[in-house]
1. Mind checking which residues of the range 101-142 are acidic (Asp, Glu) and over 23 Å from Met166 (Cα atoms)?
2. Check Phe91, Phe68 and return the single one that is touching a helix residue (DSSP H, G or I) at 6+ places or on another chain (Cβ under 7 Å), within 30 Å of Pro197 (Cβ to Cβ) and in a helix (DSSP H, G or I).
3. Report yes if some residue within the range 64-74 is of a type outside the set (Phe, Trp, Tyr), modelled with pLDDT under 90 and surrounded by 12 or more Cβ atoms within 10 Å (Cβ to Cβ); otherwise report no.
4. Condition (residue is within 22 Å of Leu215 (Cα to Cα) and surrounded by fewer than 16 Cβ atoms within 10 Å (Cβ to Cβ)) applied to the range 37-49: is it met by at least one residue?
5. Of all residues in the range 94-127 being farther than 25 Å from Phe195 by Cα and small (Gly, Ala, Ser), which is nearest to the chain's Cα centre (by Cα)?
6. Answer yes or no as to whether Leu177 is in a loop (DSSP other than H, G, I, E, B) and either among the aromatic types (Phe, Trp, Tyr) or within 25 Å of Cys25 (Cβ to Cβ) (or both).
7. Look through Leu34, Leu22 and report the one residue that is more than 19 Å from Ser102 (Cα to Cα), modelled with pLDDT of 85 or more, of a type outside the set (Phe, Trp, Tyr) and open to solvent by less than 60 Å² (accessible area, probe 1.4 Å).
8. Taking the range 130-147 only, how many residues are open to solvent by less than 70 Å² (accessible area, probe 1.4 Å) and either part of a helix (DSSP H, G or I) or closer than 15 Å to Ile157 by Cβ (or both)?
Amino acid sequence: MKDEQKNIEKFRESQNKLLFRLLPCINKSGFHSLRMDEIAKIMNISRVTLYKYFSTKEEIIQIVTNSFIEFFKEMIILDPPNEESLYAARFQQLFEQSVSLSTFITEEYKRDLSSEYPQIYEQLFIVIQEREKQLLNFYNEGIRNGIFNELNGQVLILQDQLLATMLDTRYLLMNHLTVEQVLYDFYKLKKIQLFKPEKLFLVDDNLIVPKIDYLTLKVSKALYST
């Protein structure tokens, strides 16, 4: 039984490594026109090896989407913070999630998912909608408790979509920006917008620095991997 479990874990680990090689491609260009032989080439394996791990393109996309769904399910917290200091921690957590969302669930990916595999798209859409409800609840509770400025939560959510535009290689090059600059400046913008001036002391920026360093590496890999 233990050997069987180890084999399953090893198999999934190998699958994940192969999928990680594919992610930059499908995030940038979608997957509509990708064939299995092209996927094998991107993963740098033979077609025979590819079929040892994945039986169809749909299975590949299902596994990728499931990983996104699980990530967001783990981060969804239904109850609002019960202490002032926790609003700062939740804000930083949600900022990290927004960066991951804009980097890995691109418009190209969602477009192809919706047109080719609508049932899988629906699974992802439900989780994204649940996250937006969580965000609105968080913003409204912060306003009600006098921690946040009175802002429209929907506008704040739409503002997060700007990250995808700013974290585009052409935009970065044209404006002489680095990924780290964009992430940190966007973080500061959100913080100053959201927290009332007298509540800014709750936010410890030292806590976000290592997280932004990690996100910079992750985003850069996604943007510049070939």
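1. Listed by number, the residues that qualify are Glu116, Glu122, Glu130, Glu141.
2. Working: Phe68 fails: within 30 Å of Pro197 (Cβ to Cβ).
After ruling out the rest, the residue left standing is Phe91.
3. As a first pass, look at the range 64-74 and keep what is of a type outside the set (Phe, Trp, Tyr): 64-67, 69-70, 73-74.
Keeping just the survivors that are modelled with pLDDT under 90 gives 67, 69-70, 73-74.
Then keep just the ones that are surrounded by 12 or more Cβ atoms within 10 Å (Cβ to Cβ); that gives 67, 69.
The answer is yes; a qualifying residue exists.
4. No, the range 37-49 contains no residue that is within 22 Å of Leu215 (Cα to Cα) and surrounded by fewer than 16 Cβ atoms within 10 Å (Cβ to Cβ).
5. So, considering only residues that are farther than 25 Å from Phe195 by Cα and small (Gly, Ala, Ser), the one nearest to the chain's Cα centre (by Cα) is Ser114.
6. yes
7. Matching residue, one of Leu34, Leu22: Leu34.
8. The number of residues fulfilling the criteria is 12.
The values are calculated or read from the model by the stated rules, or taken from the named source; none is laboratory data. Values in this document were obtained by computation on a predicted structure and should not be read as measured data. Heads up, the Cβs are rebuilt from the backbone with ideal geometry, glycines too, and the neighbour counts pull from every protein chain shown. Note: accessible area is taken over every heavy atom of the protein model, side chains too, but ligands, DNA and RNA are not part of it. Shrake-Rupley method; radii C 1.70, N 1.55, O 1.52, S 1.80 Å.
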